[in-house]
Amino acid sequence: MTDEVVSEQAPRRPRFAVMRRRSYVAFWLTALISNTGMWMSNLTVPVILYAITGSAVWVGAFTLFNFLPTIVLGPIAGVIADRFDRRHVLLLSQIGMLATSIGLLLMWRGGVDSPWLIMIPVLVNGALSAVNTPAFLAFVHDLVPRELLRSAVNYNSIQFNLARALGPVSAGFILATSGPGWALAVNCLSFIPLILVLIFVRLNEPQVLVKSAQRILKQFGSALRYIKGASGITSIAQLKD
């Protein structure tokens, strides 16, 4: 008589199960619109700078001013996403980025021809984007149950890449047919749906705020020491290298 070993596997969730959750779908769609507008702006502002100055150096300076705050503020922004209500962080950062986008639009409409003045809202927008990103990524966890989290993260990656493709294409079309002013205006409008969703969306469960007596930079140092001592993380990093 032989023993039969029956292997029971946990039932798999349908591939599109997470897209049946209204809160997540609303966030996903409006985030796609907002990020598409952001990439439109990332193409339009360098075009404006080159039209004003005729110098490719200012095009490179835009990239520096736009993305340098992410490097500087990234560690602090991650702690903010844990210690403070992510919905509030996202709302404040999105409203702030809307304000800087309106500022850029008014500068262009007003005929401002100083690249240094244009760089002010670009730098502020970069700082707000740096604070926004960790909270944005973690907010997905607040919208879906744990068993759907992996699927939600995968769809979130699709959304980012889709926006990265649609934004420049849309900007190129609008720049060719209507000019930079319309491209900047569309970017301003793209913030509104996401802001409204952030106000009214229902969370799957309340966020558990992280309380720590450590200062932010000291806590970041502790995280670096943990990563250095975690053999699993370091081995994965070595495999990528």
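The values are calculated or read from the model by the stated rules, or taken from the named source; none is laboratory data. Just so we're clear, the structure is a prediction, and the values are computed from it rather than from any experiment. Methodologically, a virtual Cβ is constructed for each residue, glycine included, from the backbone with ideal geometry; neighbour enumeration extends over all protein chains shown. Ligands, DNA and RNA are excluded from the accessible area calculation, which covers all protein heavy atoms including side chains. Shrake-Rupley method; radii C 1.70, N 1.55, O 1.52, S 1.80 Å.
For region 90-199, calculate the relative contact order in percent as a whole number, restricting contacts to Cα pairs under 8 Å that are 6 or more residues apart. Spell out each step's value before the answer.
Numbers: 58 pairs, mean separation 47.9, N = 110.
44 percent.
Enumerate by residue number the trypsin sites (Lys or Arg not before Pro) in region 148-208 meeting two conditions: DSSP loop (anything except H, G, I, E, B), and at most 13 other Cβ atoms within 10 Å of the site's Cβ. Kindly include the intermediate steps, with their values, before the conclusion.
On the way: sites: Arg150, Arg164, Arg202; in loops: Arg202.
Counting only loop positions with at most 13 other Cβ atoms within 10 Å, the trypsin sites (Lys or Arg not before Pro) in region 148-208 are Arg202.
Taking Cα pairs under 8 Å and at least six residues apart, what relative contact order does region 16-133 come out at, in percent?
34
Per residue, region 106-200 exposes an accessible area of 50 Å² to a 1.4 Å probe, with every protein chain left in place.
Normalised by the number of residues in region 66-140, the average gap of Cα pairs under 8 Å and 6 or more apart makes the relative contact order 60 percent.
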